[in-house]
Every structure is written in C-alpha cells, then in structure tokens.
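Read the structure below first, then the notes.
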Amino acid sequence: MKLTVLALVALVPAITVWSQEGQSGFDPDAFFSPAGSGTGETEASASTQSARPAGLEFSGDASADILYTVLEPFDESARTSDYTGATSLRLDATGGDRNEAKVEASAIVLMIYGVAEAPVMSFELKKLYLSIYTALADISAGRMVINYGRGTVFSPVDLFSAVDTSDLGLGRTGTDALRALLPLGDFSGLDLVATLGASTGESIAGGRLYGNLAGVDAGVSAFGVGLADGSGDIVAGLDFKGDLELGVSAEAVARIPVFDWHPDGSETVYSLMFGADYSFADAWFIDAEYLWNLRTGDAYAVGAFRSDHTLFGAISWKPDELTALDLRCIAAPFEEAVQATFSLSRSVAAGASIVGYALYRSGDVEGRYLDGPAPSAIGLASFSLGIRLSVAY
Amino acid sequence: MNRMLTIAAALAASSFLTVVAVAQPTLPSLSGEAIMNKVDSNATYTTMAYTGTMEIDLGNRLLRKEMKVVAEGKDTSFVEFSNPEDRGVRYLKVDKDLWMYFPSEQETVKISGHLLKEGMMGSDVSYEDALESGAISDKYDISVVGTELLDGRACYVLDLKAKVRTVNYERQKFWIDGERFVVLKGEMYAKSGRLLKESHALSVKQFGARWFATEVRMEDKLKKGGGTVFKMKDIQFGMTLPEDMFSLRRLNR
C-alpha cells in the first residue's frame, strides 16, 4: 500500500503500476505547449500530437520605478539629492520544439528619467539563442544565461553570468556563447562552453562535469580564460549543494595565471565560498554566504567580488502569500564597503505587485577598484528610497 | 385503510433504516490493509499526464496556479507551471529528490530539506506531501474504526498510527468510499494530537474500471485562508514517455 493514495492533494500522486493500461505515444512538446492537452478525460488516450505550437509564445513583465537618492554628506545643508524614474518592459519569446530545436529570446527596454534633460533609453538583449537537441548532445548558440553557481550572490565558479546585485531580483546577465551539453545520465552530464565574440584576451572555453551522488549535486569544472594566445588563466573549480536539514553549498576555485603556455603558481588565487540557508515556520527564510579570496601574489580573483573577504546575509519574511519583506546585505568589512537593501512587496492583483524599497551603498563592495584608483563617486555613500509597480503578462 | 397503514409502516421503517444508515452504514467487513490495497489497486497507473489547477484561497484573494504534469509510477513526476507569475517554472521530482528550474535565469536549484516542509507555490500542499511515498503498512498501523456516511457515500473510517519516525504525520485518519475505494477525506495529525491538515475529495470520476479523485481540497489548519483546491483535467493514462522525460537535461530545455 502506498502512502500517497490520498494525495491527489499533491501534484505528484504516488501510486503503483496499472498494468492493464494501453500504451500510446506521448509528445512532451505538444503536451507542454499552451494549446497542448490530452484528448479529454479518457484512459489511454491515443495521441497528443494535435497541439504543436505555431510561431513564438510571448510573455514578460513591465515595471515602473520612482527613486529618490541622497548622496553623502547626509546633513540637510550640504547633501545632494535627486529624483529619477524608470519604466521597463521585458519581452520574452520562445518558439520551436523542445524535442528537436528551440529558440528563446528575452529583451529589456528601459527608459530612465531624471539623469539627463531628455529621457534616456537603453536596450538590453538578455537572451537570444537557439538550441538543437540531438541524441548525443544539446547544442546551443547565442546569448544565454550560463549559471553554474551554488550561491545566491557569491559563485566563483560562475565565469559567465554574474549576479546583478543592483537588481532587486538578483538577476543574471546573458553571455554570448556556444554550448554543448552531453548527457551522461539522467542527472549527470558534460557541459562544454566557449564564449563568442570576445577578444582573445577575454574569451573563455572549457567544460564542467556535473552529477548527483547520494542526493548531493556536485560539479567539477576547468576553463581557460584568454588562453588563445598562450597567456591568460586556468580556472579550475569544484562545487556542491547538499542537505544537512539546512541547505549547504560550497565552491572552491583556483585561478592560475599562464604565460606563454606556462602556469605561474606564484600568482594563483584561490576562492572559497561557503553558503547555508534555512527556512522555518512556513514564513521565514535565512541565507548566508562567505567568500574568501586567498591570494598568493598580487593577482586578484576572477568573478564579481574580488575583496579578500566578502559576506552576504539575507532574511525574508512572508507573513502571507501576498506579502514579503526582504533584508539583504553584502559587505566587504576590510574595505569598509557595504550594500544593503530592504524591500516590502505586496501582490495587489493577479500578476501585479507593488514594491517599496530602500538601498544603502557605501564603498566598493565588489572590489572593482582594488588594483587602481577608484572614481571619487565610489567613495560616497548613497541612500535611496524607491517604489516599483510591476505587472507580469 | 390497510393499504394506507402498510404504506405508513413502510415509510416509518424506511425512515428508521435511513437513520440507522446515516449513523453507521453497512459495508462488508474488511481489514484496514485490505481496504488500502483496494484503494491502491484502484488508483494505480504506469504513466499519467494531466492539466492541473491549484486555487489557493487566501481569505481575501484567490491565487490561481496552472500547471501540466507528467508522472510515472509513484515516485517520478515533471511539472511545468503556465500561469503568468510562474510561467515556465518547472519541478522535477525523482524519489526523494526535487529540483526546480527558473526560466528567467536558466537556473536549476535542488530543493533543500527544510524547504520541503513549506507550502508548494504558496499552497496548502507542502513539498513533503508531494514527495511522500512508500508502503503505508510499513510506516503505519492501520485499524478500521468504523463506517460513516460522508457526502452520501458509505465509507470505511481508518485510523493510521505511525510506527516509524520517518513520516510526515504522526497519525492520519482516512474516510474510504466503501464502493469505489477512493479516499474521500483525510485528516493529518501532529504528535500532540493537533489537526494539521485536512483533505477532501470534491469530485471522483471513473476511468475504465477505476475511480479517481479529480478534484481535492487540501486545508492547512495552521494557516489562515480557505485551503487549496487542486483540480485535474485532460487526464491521460498509460502513455509511452521519452526515456529522458525525467532528467535534468529535459528540465533545462
């Protein structure tokens, strides 16, 4: 007898084998397409081939922000402040067939008000790639998000698509790449990636072997960064995500400089990330991460955070399914740099939400200017209050 | 006159019998395990696909989630959400492991153990509810505590007490349709005896010789709101699935 006999309650009713059923073909692409469905509430339906999607499917979201920012010094007589506004439209499109070939795009149009006399428009193509699925490999080319990281913010193994910490949703940027995913099992594979279009000094190529062992997701990766002319870096890494009641994750990366095809161990940088997350009372979620960049010479770590020690902490509270409060903080204590975000979001209608947020930033939390003079504005603290209305469609 | 008396007597007898039936309907005597075996055999399948909706009653708002589900046997399923807020979010569940895929960031995340106790997509159904599997008789002592009439259906009432620690609920109580052998109602209790959750089958349909609950209300008694109603439509059984249907490769496509 099976426990989940009661649980049509669940999405995944757990039941045993019904051997009397007829067998019929099943097309996942047709089934998961918007128009796709079965042939009614029948047993052993004959086919689901009828509902293949035609053309592209569109979705996305639109948002409007108003932001008030105060720059250091904060006393009333000396401070500088301004209002800015922004409206954005993200349009996502997918087309094709997930059995054979697919195209996916995501574009963001952003209008910014208040930074110049006239509104400034920007356009970001986050994704535009096509994929071809064969028995041996899934091959993709174009701009895509290549996401290996186990951490919410710190992911030294992520050489391609860094987290945008200025984004309330901690989104990632797209990367122009050619990618081949060779499956080695249902939960394991070899992921080969080469960036497209970058200069030889910036291009990245290599692979990551991943799998699941005893419930732990793990990966080992090796990439060459700018090695086309024999001088660049070798970046080798390990990552895992496991479960000890609380979620635990870790990454270890070594960046070894290479000159004329000879590795130089004296300038190796090791990056170690430890993360833990926990939720309780069906309302609270806590996330903490620590990134340690250990330098043996003068070279700095690769990745978005280059300080020797960087901390991340976040706490979220969802008193109900419509409301969420989030507080998150990134700090590089030895550089006296900190970035904190507090937000309160509320779903106000189906697909629509309103978010009030506060941002505080002081110093170079990413460590972008550790090896050179920082622009004067980087040294100034800023405090912003904003409100955002967004609608998903 | 005699005829009238006979009719009156018959009506009186009928009413009396109805009262007795309401109090305790008569059903064949079966053991708890035998009843659960019939429930299992009634609801078993090799593969299944359906379009589902979850309507989450928050008291002042109704959240609606839409999804398509493909399942194989008792331990494996693939879910893709299609409502605007969650469009393209996918779940892959294989045995006790659960992964989620977020299309915007092309990110696959393995769900941690502590999150399994949380409500799935804000519903009254936890990930643990969805993941729990295994033989009930291995985990619970089952006893038949009686029969009751529920929604006009004669039901066996089963009491299940945990005999191992690795269960989500210390005690459960099931109302099993005595004719169709479908769980019409379930109650899940904590060790303290507190009622944690309640399920209620709102619609039961026949597929071939089998009966299947296609609409179920799940209510988390520790939450405010009116519970989650889960509906299934366009149900298909017995399809031949692609070999990689339940793989990380397909989750990421």
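When the stretch B:216-231 is filtered for residues that are more than 7 Å from chain A (Cβ to nearest Cβ) and touching a helix residue (DSSP H, G or I) at 6+ places or on another chain (Cβ under 9 Å), the ones remaining, listed by number, are B:Arg217, B:Thr228.
Does at least one position in the stretch A:305-325 carry a residue that is more than 24 Å from A:Val225 (Cβ to Cβ) and not in a strand (DSSP E or B)? Checked the stretch A:305-325: at least one residue is more than 24 Å from A:Val225 (Cβ to Cβ) and not in a strand (DSSP E or B).
The sole residue among A:Ile378, A:Ile330 that is open to solvent by less than 60 Å² (accessible area, probe 1.4 Å), more than 14 Å from every other protein chain (Cβ to nearest Cβ), closer than 16 Å to A:Arg306 by Cβ and at pLDDT below 90 is A:Ile378.
Only one of the numbered conditions (1) more than 16 Å from A:Gly226 (Cα to Cα); (2) open to solvent by less than 70 Å² (accessible area, probe 1.4 Å) is not met by A:Asp264, and that is (1). Would you confirm whether or not the stretch B:227-248 contains a residue that is over 21 Å from the mean Cα position of the chain (by Cα), of a type in the set (D, E, K, R) and open to solvent by less than 40 Å² (accessible area, probe 1.4 Å)? Yes - at least one qualifying residue is present in the stretch B:227-248. Just one residue in the set A:Ala137, A:Ala116, A:Ala107 is closer than 30 Å to A:Ala340 by Cα, out of contact with any Ser or Thr (no Cβ under 7 Å at 6 or more places or on another chain) and open to solvent by less than 50 Å² (accessible area, probe 1.4 Å); that residue is A:Ala107.
Looking only at residues in the stretch B:196-215 that are touching an Asp or Glu at 6+ places or on another chain (Cβ under 6 Å) and more than 8 Å from chain A (Cβ to nearest Cβ), the one that is surrounded by the fewest Cβ atoms within 10 Å (Cβ to Cβ) is B:Ser203. Only one of the numbered conditions (1) acidic (Asp, Glu); (2) within 14 Å of another protein chain (Cβ to nearest Cβ); (3) over 21 Å from the mean Cα position of the chain (by Cα) is violated by A:Asp277, and that is (3).
Condition check ((1) free of Cβ contacts under 8 Å to residues at least 12 places away in the same chain; (2) of a type in the set (A, V, I, L, M, F, W, C); (3) touching a His at 6+ places or on another chain (Cβ under 9 Å)) across all residues:
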site	(1), (2), (3)
A:Thr80	yes, no, no
A:Ala93	no, yes, no
A:Arg98	no, no, no
A:Ser106	no, no, no
A:Tyr113	no, no, no
A:Glu124	no, no, no
A:Ser166	yes, no, no
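Listed conditions (1) surrounded by 20 or more Cβ atoms within 10 Å (Cβ to Cβ); (2) in a strand (DSSP E or B) are all met by A:Ala301, apart from (2). Can you spot a residue in the stretch A:84-105 that is of a type outside the set (A, V, I, L, M, F, W, C), in a strand (DSSP E or B), within 24 Å of the chain's Cα centre (by Cα) and within 25 Å of A:Gly303 (Cβ to Cβ)? No - not one qualifying residue is present in the stretch A:84-105.
Results for (1) open to solvent by less than 30 Å² (accessible area, probe 1.4 Å); (2) within 14 Å of another protein chain (Cβ to nearest Cβ); (3) in contact with a strand residue (DSSP E or B) (Cβ under 9 Å, 6 or more places away or on another chain); (4) on the phi > 0 side of the Ramachandran plot, shown as yes or no for each residue.
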{"residue": "A:Asp320", "(1), (2), (3), (4)": "no, yes, no, no"}
{"residue": "A:Phe334", "(1), (2), (3), (4)": "no, no, yes, no"}
{"residue": "A:Gln339", "(1), (2), (3), (4)": "yes, no, yes, no"}
{"residue": "A:Phe342", "(1), (2), (3), (4)": "no, no, yes, no"}
{"residue": "A:Ala349", "(1), (2), (3), (4)": "no, yes, yes, no"}
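The values are calculated or read from the model by the stated rules, or taken from the named source; none is laboratory data. Predicted model only: the values in this text are computed from it and were never measured. Please note: Cβ atoms are built from the backbone with ideal geometry, for glycine as well, and neighbour counts cover all protein chains shown. The accessibility values were calculated without ligands, DNA or RNA, using every heavy atom of the protein model including side chains. Shrake-Rupley method; radii C 1.70, N 1.55, O 1.52, S 1.80 Å.
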